[in-house]
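What follows draws every value from the coordinates through simple rules; no lab data is involved. All values derive from a computational prediction rather than experimental measurement. Quick reminder, even Gly has a Cβ in these numbers, built from the backbone with ideal geometry, and neighbours come from all protein chains shown.
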Amino acid sequence: MSEKKSNLPALIGIVILFLFIILLENIRSFIPGLPMIFDPMSPLFTVLKKAAVYSLVAVSMNLLNGFTGLFSLGQAGFMLLGAYTYAILTVPSAMKDQVYYLFGGCAFQFSLVDFFQGIFGSAGAGYAVGLILSCLIAIILAGVVAGFFAFLIGFPVLRLKSDYLAIATLGFAEILRAIFQWQTLGPVTNGANMIKGFPTFTSFNITGAGGQVVLRLSTFVPFLITTVCIAIIVLLINSSYGRAFKSIRDDEIAAEAMGIRLFSHKMLSFVISSFFAGVGGAMFAMYVANAQAKAFTSTMTYEILLIVVIGGIGSVSGSVLATFLYVACSEWWLRFLDSEQYIGSFKVPLLRNGFRMVVFSVVIMIIVLFFSQGIMGNREIDLNAIFTGKKRRSGSQGK
Amino acid sequence: MKRIIAVMLTGIMTLSLAACSSAGSAASAGGGASSGGDVIRIGVFEPSTGDSASGGKKEILGMQYANSETPTVEAGGKTYKVELVYADNGSSADKAPSAASELVGKDVSLVLGSYGSGVSMAGGPKFEEAGLAAIGVTCTNPNVTAGNDYYFRICFLDNFQADVLANFAIEKFSAKKAYCLGENGNEYDQGLVAFFTQVFEAAGGEVISDSFPTNNSDFTSYLNKAKSEGADVIFTPVSIAYAKQIMEQAASLDIGIPFLGSDTLDDNMVLEATKDTNLQLFVSTFYQEGGSETFDKGIKDYINNNSDALTANGGNDTISAVTAMGYDAYYVALEAIKAAGSGDKAQIKGAIPSVKWDGVSGSIAFDEVGDAVRDTAYIKTADTSTGTWAFEKVQTGSGK
Amino acid sequence: MEYAISVLLSGISVGGQYALIAIGYTLVYGILRLINFAHGDVFMVAGLMGIYFTAVLPISLSLPLVIILTVLLGFTIERVAYKPLRDAPRMSVMISAIGVSYLLQNTATYVTGGQPMTYPTIPFLSGTVNVAGTQTKWVVILTPILVLTLVVLLSLLINRTKVGMAMRAVSKDFETSRLMGIRINSVISVTFIIGSALAAVGSVLFFTNYPAITPMAGAMPGLKAFVAAVFGGIGSIPGAVIGAFIIGICETIIKGLPSSWDVSVFSDAFTFALLILILVFKPQGLFGEAATDKV
């Protein structure tokens, strides 16, 4: 790892990816005759958005479970914190009475969106700057709140061993959910009701004077945020901290003997992972255009865990790849299994509602049992190697 | 780079799949349409899995029956075949956006649904973005239509329903003390409880309310509490599975306090739970069996002659109000298509606000928010000896 | 007073049902060090089988059939999903357990069509009885008695028989007992068979009392039973049972607290808070043995 390597090819690759996404999203406004699939509202883009959001959460979970060896099942809880932080901070004051209609308005009147609109104006470029700043700050704060809670929770639970840690973090997520659904806190959390009306991915579409969309960026934005966050995680993994995390995963006692402070490193990994889960939660809120505690169940955590497993525990690119496959399959490609299908006049048996999820869980079991390494194992897709055409020895990922 | 390749591959696979599915649907449409050619697709955005599956399926049933009754629509001098396109929103807010875009991707002209307000609110922004009008059938939360120009609904709202029930409790039982029980974190339950509390307390009553955690099964503590607190009525606006549990447990406890329920309790599974017990259950609902003889007969025949429909209806032919609402929603949709003169989604959206329709559940018109103008609800009670619903009265709200 | 008795009665019945599931958890965990996430779902499937069988068979036939098939299900799950991963990291086995749980839930959704199903009334068990002015079902009274009987029988099995001795040996030291010629796989199978049989019995009692079954019906009781097992000290059967009763009673007391306190929503959260407190302050639980780390 001593050789100085250039990250330029990777950067170029990412830029090309971004341009491709923007092009894909807008292609139907240049060439209207293209099939429905290129319609910006088609399932393709919904899947891309959701997968972009989930891949960040999956990578953040992988950082903890795959790279540090801490089996935590609290991801949904931290996403919940992020989603609510983002939502509460960005709902415009004008919307608050409507959203919090059961509680006669919100106890927390401040809104970042209004604040920045007050500074930059509420139209044109000023509006855009205000929107970007308010969302950016809200997303970062979402991560900070999740990270802070992780810090508090970490003191008791990080002393626990593998499966006890899992069940304790799962418990924390459930407790958080109960607290956020509590009607008594309604003036802040809106109780059981969803918070809505805040800026979503769609708000980033650039519209012309008549309200028609000039340039769509609603798929690009989640890709941008996720890419930046994952890049930070990758840099962290490749740093000395990352090597310390991996040594803890491989052998705690040996790592301690080598002078790695176990607790503080575990805490660091836990807080960082939760930070990005919080960011992911904020993005999830943007994706579904609402924040409601009901969505953040342990089932969600399990889903993300399964994604991580399918991608390969200990592989960032595996997690990303697996997320796109998982989301596309579960939300889109396998949907036909849920309705009656005919091949010619032959009615395919078994197909009815719910069959999709059965097939899906069987596939997952097959992967877990027979391909326990997942798609990538603990290898990575090396962007640089692909660009420069030479195969570099994959770093210190192997055991 | 592989990631890019993966994305591209994804795109290619997508295209091929999309081609397959569109070819498939075209084939089936071509095979079915006798007049050939023009088809208008109506999206059905309903849960068929998850907590609300039971209600969603019954609502779909109404639409399917209406579709079998009137499979074509005449608009702008042309006869179109109407095709229902389904997307399962899984009763969960995180699955709803993709189900919504599934419908958008299938090029539907307008959307009906959903049972459950949460999923409607999660799908709403997608429809709005796509410029697709949606007609909510039984989503009663005020926030479904508020702030969304493209969402309409043909049912009454939570605050109206709670108002009706609170008034009914006061008029019928002279209730002074009410015990409310809802699921923690469920906006439907909590919204109704909150509105009920407002009205009931304004009328000088006292309300005790509790929330139970999701997936709870033991309700005996709550019911015993209601009893020991001396409540005059118990208000349980909960989803079907919980309502069933509560009724069964109340029967074994010999609770002796009348239950009030919202439209979700108007379900034959709940009804079954009250059979051969001494429970008193009153529910407010959109439709009372017997309201329209022809509809009742038609739908019963439809259910009994179709095993899938029978399963979806819970194994018997008791008509749920949501089925009647689904039926009406379909006709409102047809009216909108007629008024628009084509299957164009923008024109349909523009036509909906002025649509008026005399449905089996009463006359339907829209106000400026997109909500149905309704001032009455039916109250019916469970006849525990025969296991059927008996009509109690038509109840109006307090007018507030 | 009447109210206090009714709350206590609910607590005891809830606790008894958790206990039957918790025994399965504690046995499996004691031997495999695996949180068998699918156990709660096995319990749910047993309930569904009860519904489908009683629809076509008389109850006297269908209940034994439910128990036999549940045992078979538990045995199959172990053979298919856990045995191949015997030497894999613990995390993989746990993920496999989560996968099985996911599969069972989704299959149940598919089979039932997502509708809540009604458990049949079982003569006698469903009958009502009056205890100190509170009406309740017979099953509520019978559950704790049945649980205690089962605990005694199981303790005899574990402490007095050869299989029991093997189970104790395996839970003490997996590798060594393998070297000593104990057939690990059959011991583990026996554990799963006992656990599943108890889950089947538990399902009959639980769903007689709370007759609506949804695909998610097993998840919560399952998690709580696990907490009970941890509370009592994992691996200890009396511990799991006492833990289950404590959790069941605490939970119903919280639900029964005056509504004006507005804490009844935290009955589940309380269980998890209790779990975390125990894990932090007394990880070996009430009756568990302190584990020592070997380097």
Can you sort B:THR140, B:THR294 so the residue with the fewest Cβ neighbours within 10 Å comes first?
B:THR294, B:THR140
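Tell me the volume per residue, in Å³, of the convex hull enclosing the alpha carbons of chain C.
Expressed per residue, the convex hull around the Cα atoms of chain C is 140 Å³.
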Distance between Cα centroids, the range C:237-289 to the range C:5-83: provide it in whole Å.
21
Ascending count of other beta-carbon atoms within 10 Å, so fewest first, for B:ASP267, A:ASP338, B:ASP358
B:ASP358, A:ASP338, B:ASP267
When chain A is modelled as a GNM with alpha-carbon springs shorter than 10 Å, which of A:ALA293, A:ALA282, A:ALA231 fluctuates the most?
A:ALA231
Scanning chain A for helices, which whole DSSP H stretches are 18 Å or more long along the axis (Cα) and average 1.0 or more by Kyte-Doolittle?
A:8-30, A:43-62, A:75-90, A:124-157, A:220-237, A:262-288, A:298-311, A:316-331, A:355-370
Angle in degrees between helix B:187-202 and the longest Cα principal axis of chain B, rounded to the nearest 10
40
GNM flexibility winner over chain B from B:PHE282, B:PHE212, B:PHE127 (Cα, springs under 10 Å):
B:PHE212
For chain A, just list the percent of Cα-Cα distances falling in each 20 Å bin from zero outward, please.
25, 56, 18, 0
If exposed trypsin sites (Lys or Arg not before Pro) are those in a DSSP loop with at most 14 other Cβ within 10 Å, what is the longest stretch of chain C that has none?
C:184-293
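What average count of beta carbons from other chains do you get within 10 Å of the Cβ of residues in A:276-288?
Numbers: counts 0, 0, 0, 0, 0, 0, 0, 0, 2, 0, 0, 4, 12.
Mean partner shielding for this stretch: 1.
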What's the angle, to the nearest 10 degrees (0 to 90), between helix C:39-56's Cα axis and the longest principal axis of chain C?
60
Which FRET efficiency value, to the nearest 0.05, is calculated for C:ALA4 and C:LEU277 with the Förster distance at 25 angstrom and r the Cβ-Cβ distance?
0.45
Candidate cut points under chymotrypsin sites (Phe, Trp or Tyr not before Pro) in the range C:82-179, DSSP loop plus at most 14 other Cβ atoms within 10 Å of their own Cβ, are C:PHE124
Distance between the range A:249-311 and the range A:131-209 - C-alpha centres, whole angstrom:
13
How many angstrom separate the Cα center of the range B:125-180 from the Cα center of the range B:265-308?
21
From other protein chains only, count the Cβ atoms within 10 Å of every residue's Cβ in B:47-53, then give the mean.
6
Where does helix B:293-304 land angle-wise versus the long Cα axis of chain B, in degrees 0 to 90, nearest 10?
70
Who wins for biggest fluctuation among B:GLN64, B:GLN245, B:GLN161 in a Gaussian network model of chain B, springs between alpha carbons below 10 Å?
B:GLN245
